[in-house]
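The values are calculated or read from the model by the stated rules, or taken from the named source; none is laboratory data. The structure displayed is predicted, hence computed values, not measured ones. Cβ coordinates were reconstructed from backbone atoms using ideal geometry, including for glycine residues, and neighbour counts include every protein chain displayed. Heads up: the accessible areas ignore ligands, DNA and RNA and are worked out on the full protein's heavy atoms, side chains in. Shrake-Rupley method; radii C 1.70, N 1.55, O 1.52, S 1.80 Å.
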Amino acid sequence: MLEQYANVLIFMGMGAFFIGFNLFMGSLIRPRNPSPEKLSTYECGEETVGSSWIQFNIRFYVVALVFIIFDVEIVFLYPWAVAFKDLGWFAFIEMMIFVVILLVGLAYAWKKGALEWVRPKVGRPVSTP
């Protein structure tokens, strides 16, 4: 039984060697001529102003997580829609249960205000950075 794991161990060892060898060779071959312009932070062609260690509002991360959740929904819906005729009613009911669960998640996020990050709530002053 351990002989079966030996193939996996050899494969992983060769992969680690290949990665390490290529990183080592790259460090030997690449040109080294740093300049202040090359060492500066690049922000879409704009000169950086202030520190790059600023705190972002948590709402941006929440919106990203909600986007990923519904993006994963599309990943599951597309193959299902392509093979819909061959799957039958059982797969249709399962997919509707899946969509209902995601709609419950959307309603929860909406109720918690996770989707209202663009405009400030009424009564709160708008803070400018």
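Taking every residue in the range 57-71 that is closer than 20 Å to V100 by Cβ and pairing it with any residue that is outside any helix (DSSP H, G or I), at least 6 positions away or on another chain, the pairs with Cβ-Cβ distances below 8 Å are V66/A114; V66/L115. For beta carbons closer than 7 Å, sequence separation of 6+ or different chains, a first residue in the range 96-109 that is in contact (Cβ under 8 Å) with a residue 40 or more places away in the chain and a second that is open to solvent by less than 50 Å² (accessible area, probe 1.4 Å), the qualifying pairs are A109/V66.
Does the range 65-87 contain at least one residue that is more than 30 Å from E116 (Cβ to Cβ), at pLDDT 90 or above and surrounded by 10 or more Cβ atoms within 10 Å (Cβ to Cβ)? Within the range 65-87, none of the residues are more than 30 Å from E116 (Cβ to Cβ), at pLDDT 90 or above and surrounded by 10 or more Cβ atoms within 10 Å (Cβ to Cβ).
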